[in-house]
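Read through the structure below, which is laid out as structure tokens, and then see the notes.
The values are calculated or read from the model by the stated rules, or taken from the named source; none is laboratory data. Keep in mind that this is a model prediction, so the values were computed, not measured. In this analysis, Cβ positions are derived from the backbone assuming ideal geometry, glycine residues included, and neighbour counts consider all displayed protein chains. To get the accessible areas, we keep the full protein, side chains included, count just its heavy atoms, and leave off ligands, DNA and RNA. Shrake-Rupley method; radii C 1.70, N 1.55, O 1.52, S 1.80 Å.
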Number of protein chains: 2
Amino acid sequence: MSNIFKFLTNSVIIYKIKNMNMKNKTIKIVVIGGGTGVFNTLMSLKNYPIDLTAIVSIADDGGSSGVLREEFGILPPGDIRRALVALTPESGKILTDLFNYRFENGSGLRGHSFGNLFITALTNITKNFNKAVDEAGKILNIKGRVVPISLSQCRLIAKLRSGVFIFGETNIDIPKNKEKNVLIEKIFLDNKVEANPEAIKEIKNADYIIIGPGDLYTSIIPNFLISGIKEIIRNSKAKKIFVCNIVTKFSETNNFKAIDFLKTLEKYICKNCFDYIILNDYKKIPKRLKCIYSRERKQLVKFKKNDFKKYRKLNIIIKDLASKHTLLRHDNKRLGETLWDIINQ
Amino acid sequence: MSNIFKFLTNSVIIYKIKNMNMKNKTIKIVVIGGGTGVFNTLMSLKNYPIDLTAIVSIADDGGSSGVLREEFGILPPGDIRRALVALTPESGKILTDLFNYRFENGSGLRGHSFGNLFITALTNITKNFNKAVDEAGKILNIKGRVVPISLSQCRLIAKLRSGVFIFGETNIDIPKNKEKNVLIEKIFLDNKVEANPEAIKEIKNADYIIIGPGDLYTSIIPNFLISGIKEIIRNSKAKKIFVCNIVTKFSETNNFKAIDFLKTLEKYICKNCFDYIILNDYKKIPKRLKCIYSRERKQLVKFKKNDFKKYRKLNIIIKDLASKHTLLRHDNKRLGETLWDIINQ
């Protein structure tokens, strides 16, 4: 009798614990991107009670990152650094100032970002890029985790609609064909590059995958050119959210409407893969500010609800999301609230 | 009545608190030095329940420190970095590895110590060397505090017994007159340099002041050339302890006995200022190891008790203190125990 009683009591306890775990399971969110776009999305989410991972592009080859990539043979640390800074708590301001600090003097130091040197030194000490990034995260006491999309070197190549090829992320980012207004036809890597197993693991375990905003061809799409990434996203049961850009980028996405961003992105992942698209309500932007954009040869990303009629499962979220300060980027607070509403639906 | 009662109760409480504070007051120890010598003393003390401050020389002008001093106009960070590393807890190993890391590649980075770049970047961000060092200490979670002896630039000048002058700490450290075996007559600074007010404050509040070991002319004495330092030590009621070197340094202290170290040092501070001298029991060093020293043109620092007969207040502590691993430096554990015994007398 006593044994049966024990068995029953234990079963009830185990059931209760399992149930508690189900209820208390922290929602896992994976943000994929690069550059300053992913910075905003991470900033917008870092104060919510979620398990947050930034999976970051390694296609950067300009500036301080480019020099370190050439001279030390390490992966370009620039995008990793931005993501680490984005996830550092407000109390770590001195550390983020340090990470963002750029040497202005010194024959050999000028132009180097301190954060990039930090990651370079840690990589050489640990002999392992994943570990170096995790250790940097610990030192910065970040909320969440930063994972490079791949541990292998690669270069980005763009084929323009004119048939011309451009080699290297920086050259594509600031292309010489600017004046000609020739757009990109296709983007690819110079070699087959395997995904970082840690990135695969993080995506596999995600409840939500958030992509964007950011430079479509140089910060967002390079992630999906890495072997294994688009397959894992395609097969994932996670809800997929695309945070569309507020403005176009001259020479990359001129005249792009929201539907063009979505279509181009899906070409590199899979058709109809998104569950949500978050659009900035471009009508809320005052006329006088549109001038600033046009001076920078940027256009507001527009849309009609009708554009998305073929996307049956796609939920279209339209919100006034442009920052009141710069208007060129998302307001972190409002983007965070919008994403949090989706997660809590 | 009630007021009298209140007054009496409060008086008792205040007396009790004062008494508690007296009993619980943490002993404040200030270690003054530079180079690797001060590193050992700090390592030996950091795990004891004391209030520990390292006051560190700023005379260094070679290597990575020298380049940063020239190119950024900041104080040389090398000795500060060593002291910070010495005070970092064992759990911060990755951070100390990082601080000690020296770039081996990179056209402009080769030879730079990462810790030096860390302090340089922090100085440029905070615009305040004291604050930069304190912030670095917080990031490393150090036990105690590191304070530069001065916030002003200066250069060390040595006058040799031959009448020749040598300019700069590095040149004195590795002097060109090595073969001639000409010793230093006098050492001084190229300009009048004020003490760091924080250093003055720390010395003023010290219960014990520990000096050495280290290179006498290039790491120890430069601290007492800073205006105000010797006066504050002279007038301090703190017990003063000199940890004498285990071996001499060729071209600086050839044939020096312990009494010569003491006399030279006191010339730059004040006569009879020390309460304790800690001597390594040179007789305990095996003969075969003396060969290693002589190959490096170093000699064991010897002494006779009689040498110190004029130093009435001086307590002479003789212990087997040489490290079993290197023998060129003090064993941290045994040096710590020796100092702790003095403090607890």
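Database remark: amide H of A:Asp61 closer than 5 angstrom to the amide H of A:Glu169, A:Thr170 (H placed geometrically; neighbours at sequence offset of 5 or more, or on other chains; Pro and chain starts carry no H). Placing a pseudo-label 7 Å from each Cα along the Cα-to-Cβ vector at A:Glu231 and B:Lys201 gives an inter-label distance of 6.3 nm. With the simple spin-label model, which puts each label point 7 Å out from Cα in the Cβ direction, the B:Ile343 to B:Asn128 separation comes to 2.8 nm. Taking A:Glu104, A:Glu231, A:Glu135, A:Glu252 and ordering them by how much accessible surface each has at a 1.4 Å probe, largest first, produces A:Glu104, A:Glu231, A:Glu135, A:Glu252.
For the stretch B:209-247, which trypsin sites (Lys or Arg not before Pro) pass both filters: DSSP loop (anything but H, G, I, E, B) and at most 14 other C-beta atoms within 10 Å? Please list the in-between numbers first.
On the way: sites: B:Lys230, B:Arg234, B:Lys237, B:Lys239, B:Lys240; in loops: B:Lys237.
Counting only loop positions with at most 14 other Cβ atoms within 10 Å, the trypsin sites (Lys or Arg not before Pro) in the stretch B:209-247 are B:Lys237.
Tell me which cysteines of the protein assembly as shown come out unpaired when the rule is another cysteine's Cβ under 4.7 Å. Lone cysteines by the Cβ rule: A:Cys154, A:Cys244, A:Cys291, B:Cys154, B:Cys244, B:Cys291.
Applying 1/(1 + (r/R0)^6) with r as the Cβ-Cβ distance of A:Asn306 and A:Val182 and R0 = 35 angstrom yields a FRET efficiency of 0.75.
In nanometres and ascending order, the distances from the B:Pro49 label point to those of the other copies are 3.8 (point 7 Å from Cα along Cα→Cβ). Starting from the label point of B:Lys201 at 7 Å along Cα→Cβ, the same points in the other copies fall at 4.7 nm, in ascending order.
I want the local charge near A:Phe99. Using Cβ-Cβ distances under 12 Å, sum +1 for each Lys or Arg and -1 for each Asp or Glu among the other residues.
On the way: positive: A:Arg81, A:Arg82, A:Lys93, A:Arg102; negative: A:Asp97.
Around A:Phe99, the charge tally is +3.
Each residue was assigned an accessible area with a 1.4 Å probe, and for A:Asp134 the value is about 50 Å². Note on the stretch B:151-241: antiparallel DSSP beta bridges, both residues inside, total approximately 65 percent of the bridges counted. Rounded to the nearest 10 square angstrom, A:Arg329 shows an accessible area of 80 square angstrom against a 1.4 Å probe.
Hey, with R₀ at 41 Å, roughly what FRET efficiency would B:Leu328 and B:Phe165 work out to, going by the Cβ-Cβ distance, to 0.05? Intermediate values should be presented prior to the final figure.
Values: r = 30 Å, r/R0 = 0.72.
The formula returns an efficiency of 0.90 here.
Among chain B residues, the one whose Cβ is nearest the axis of the rotation from B to A, given with its distance rounded to whole Å, is B:Gly108, 1. Here's how it looks for B:Lys302: its modeled amide H is under 5 Å from those of B:Ala258, which are all 5 or more places away or on a different chain. Place a label point 7 angstrom from the Cα of A:Lys290 along the Cα-to-Cβ direction, then list the residues of the stretch A:315-334 whose backbone nitrogen is under 11 Å away. Output list for this probe position: empty.
Within the set B:Lys186/B:Lys267; B:Lys249/B:Lys290; B:Lys257/B:Lys304; A:Lys28/A:Lys271; B:Lys249/B:Lys271, which residue pairs have Cα atoms separated by over 21 Å?
Numbers: B:Lys186/B:Lys267 10 Å; B:Lys249/B:Lys290 14 Å; B:Lys257/B:Lys304 9 Å; A:Lys28/A:Lys271 24 Å; B:Lys249/B:Lys271 24 Å.
Long pairs (Cα-Cα over 21 Å): A:Lys28/A:Lys271; B:Lys249/B:Lys271.
Taking the DSSP bridge list for the protein assembly as shown and keeping only pairs wholly inside it, about 30 percent are antiparallel.
Relative to the other identical copies, B:Lys333 shows label-point distances of 5.8 nm, where the label point lies 7 Å from Cα along the Cβ direction and values run shortest first.
Under the definition of partner shielding as Cβ atoms of other protein chains within 10 Å of a residue Cβ, what is the mean value for peptide A:100-107?
On the way: counts 2, 6, 2, 7, 2, 8, 10, 5.
The shielding value for this peptide is 5.
The 1.4 Å probe gives accessible areas that order A:Arg161, B:Arg69, A:Arg334, largest first, as A:Arg161, A:Arg334, B:Arg69.
Which entries in A:Lys131/A:Lys239; B:Lys127/B:Lys201; B:Lys93/B:Lys127; B:Lys143/B:Lys319; A:Lys201/B:Lys93; B:Lys159/B:Lys240 show an alpha-carbon gap greater than 23 Å? Intermediate results must be reported in sequence, preceding the final value.
Values: A:Lys131/A:Lys239 29 Å; B:Lys127/B:Lys201 21 Å; B:Lys93/B:Lys127 28 Å; B:Lys143/B:Lys319 26 Å; A:Lys201/B:Lys93 28 Å; B:Lys159/B:Lys240 28 Å.
Beyond 23 Å: A:Lys131/A:Lys239; B:Lys93/B:Lys127; B:Lys143/B:Lys319; A:Lys201/B:Lys93; B:Lys159/B:Lys240.
Helix content alone sets the calculated 222 nm mean residue ellipticity of chain A: runs of n ≥ 4 DSSP H residues at -39500 (n - 2.57) each, divided across all residues, give -12000 deg cm²/dmol.
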